């Protein structure tokens, strides 16, 4: 059975995550009367948008058997550049968007080229890139600075009922990437390379070029996430991306995508993002320190990886 067919089949892990979402939601309702209000649900959606976009990028990379730890530095750098260029007018905003998208794609191409053509492990490559970009962001500014047009801020906070514009954009992105993964030749190559890179090369697939394209797409999505984050903050924060390298991995693994690649998809990632966002919101209502939330997230990663490793061996 091909990896493509396996990827399109409903996975039991999706049902597990859905059950956990229901449990967390019930816990939230019992914790506070404000939890299930339209305002709070909209706030939860607002807060999950950036992570959802970055996790989507990470899903594509991990499906191919790689990993991208450059998001922490890349998000910070791109956010600072975007705010520095955007200014207060629509004309400069368009220029800033074009520059940031080009930079994001460029960062991805560099990551992909070093990984595919030089042979450096993607963990080392992207961790090094992240460090460079984090330093570059601090060289530009050591404190939040710059600005974005007011209408762009309003757009990032805009809603249709209780659904933010950002969440509608995320849904569209996930549908688009899902279609790409399951219905295009490029998506088939991603699964094939993640499943068995050596066999893919022997069969004539352009493995190196595909890897570069994968990381370029990851960089593009990172740029989109950086622009949305900057729109919410209203300024460019040189530390905006701190933690997103590891945070982007959690929903991918919890959602059932294997770290080894070749198996998984965007549906599991989307459900896991919802689960983690709701859990963080409930813990905030319970006045649990963010430090304990980090501990919980680490435990979740270890438990999820251990579960899938054990399942593969059985």
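For the range 62-84, give me each residue that is farther than 18 Å from residue 134 by Cα and part of a helix (DSSP H, G or I).
Answer for the range 62-84, where residues must be farther than 18 Å from residue 134 by Cα and part of a helix (DSSP H, G or I): 62, 63.
Taking the stated definitions as given, is residue 168 in a helix (DSSP H, G or I) and touching a strand residue (DSSP E or B) at 6+ places or on another chain (Cβ under 9 Å)?
Yes, satisfied.
Could you figure out which of (1) at pLDDT 95 or above; (2) in contact with a strand residue (DSSP E or B) (Cβ under 6 Å, 6 or more places away or on another chain) isn't true of residue 108?
Among (1) at pLDDT 95 or above; (2) in contact with a strand residue (DSSP E or B) (Cβ under 6 Å, 6 or more places away or on another chain), the lone unmet condition for residue 108 is (2).
Being at negative phi and touching a residue at least 40 places away in the same chain (Cβ under 8 Å) is true for just one of 94, 69. Which residue is that?
Checking each option against the conditions leaves just 69.
Go over the candidates 86, 55, 42 one by one and state the one that is out of contact with any helix residue (DSSP H, G or I) (no Cβ under 7 Å at 6 or more places or on another chain), surrounded by 17 or more Cβ atoms within 10 Å (Cβ to Cβ) and over 20 Å from residue 109 (Cβ atoms).
That would be 42, the only listed residue that is out of contact with any helix residue (DSSP H, G or I) (no Cβ under 7 Å at 6 or more places or on another chain), surrounded by 17 or more Cβ atoms within 10 Å (Cβ to Cβ) and over 20 Å from residue 109 (Cβ atoms).
Output the number of residues of the range 171-204 satisfying the condition of being outside any helix (DSSP H, G or I) and without any contact (Cβ under 8 Å) to a residue 40 or more places away in the chain.
Summing the residues that are outside any helix (DSSP H, G or I) and without any contact (Cβ under 8 Å) to a residue 40 or more places away in the chain in the range 171-204 gives 3.
Checking the structure you have, find out if any residue of the range 238-249 is farther than 30 Å from residue 94 by Cα, in contact with a helix residue (DSSP H, G or I) (Cβ under 9 Å, 6 or more places away or on another chain) and surrounded by 19 or more Cβ atoms within 10 Å (Cβ to Cβ).
Yes: one or more hits.
Looking only at the range 97-123, filter to residues that are part of a helix (DSSP H, G or I), without any contact (Cβ under 8 Å) to a residue 24 or more places away in the chain and more than 21 Å from the chain's Cα centre (by Cα); which one of those is farthest from residue 212 (Cα to Cα)?
Taking the candidates together, the pick is 118.
Would you pick out the residues in the range 139-165 that are out of contact with any helix residue (DSSP H, G or I) (no Cβ under 8 Å at 6 or more places or on another chain) and either outside any loop (DSSP other than H, G, I, E, B) or buried (at least 17 other Cβ atoms within 10 Å of the Cβ) (or both)?
Hits for the range 139-165 are 139, 150, 154.
The values are calculated or read from the model by the stated rules, or taken from the named source; none is laboratory data. Note that the coordinates shown come from a computational prediction; the quantities given were computed from them, not determined experimentally. Quick reminder, even Gly has a Cβ in these numbers, built from the backbone with ideal geometry, and neighbours come from all protein chains shown.
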